[in-house]
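Asks: Quick one: the structure is below, and I'll ask about it shortly.
Each reported figure results from applying straightforward, stated rules to the coordinates on display, with no laboratory input. Please read these numbers as outputs of a predicted model, since none were measured by experiment. Here Cβ is always computed from backbone atoms with ideal geometry, including for glycine, and neighbour counts include all displayed protein chains.
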Amino acid sequence: MTMSAIGGCWWPRDFEPEWLRLFSQLLPTTWTMQAYNDLMIRHAAAATALWPSAVTASLGLLYLIVGIIAAAKLYEWA
């Protein structure tokens with residue numbers, strides 16, 4: 001829920017302080033909302049959603065790898 005709020009799902013990121021806007025760049029919800037807003041609100045071309053979608057997928061993969069490594073250390077898999 002917190003990630004959704006910080007990423008712009010609850011209110012525009014412009015309402016947030018600068019440090020929180022910078023932090024929100026690390027959250028997939030920020031990039032997903034950017035793509036959604038570009039397509040649905042700004043009526044931009046579908047190609048404008050490619051970059052935010054790629055960043056969202058990359059962040060998801062990064063978080064998956066970090067989670068696997070953390071779980072392996074926590075549960076001594078390796």
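Asks: Name the most mobile residue of ARG21, ARG13, ARG42, meaning the one with the largest mean-square fluctuation, in a Gaussian network model of the chain with Cα contacts below 10 Å.
Replies: It is ARG42.
Asks: Another question about this same structure. Hey, with R₀ at 25 Å, roughly what FRET efficiency would ARG42 and LEU22 work out to, going by the Cβ-Cβ distance, to 0.05?
Replies: Working: r = 23 Å, r/R0 = 0.91.
With R0 = 25 Å, the Cβ-Cβ based efficiency is 0.65.
Asks: With axes computed from alpha carbons, what is the tilt in degrees of helix 50-75 against the longest principal axis of the chain, rounded to the nearest 10 within 0 to 90?
Replies: 20 degrees
Asks: Across bins of 5 angstrom width beginning at 0, how are the C-alpha pair distances of the chain distributed, in whole percent?
Replies: Taking all Cα pairs of the chain, the binned fractions are 3, 15, 19, 19, 18, 11, 7, 4, 3, 1 percent.
Asks: May I pose another question? Could you work out the relative contact order of the chain, using alpha carbon pairs under 8 angstrom and six or more residues apart, expressed as a whole percent?
Replies: Details: 64 pairs, mean separation 18.1, N = 78.
Relative contact order here is 23 percent.
Asks: Right, another one. Let me know the charge dipole size of the chain about its Cα centre in debye, to the nearest 20, where only the beta-carbon of Lys, Arg (+1) and Asp, Glu (-1) is charged. If you can, show how the numbers build up before the last one.
Replies: On the way: 4 positive and 5 negative charges, 16 e Å.
For the chain, the charge dipole is close to 80 debye.
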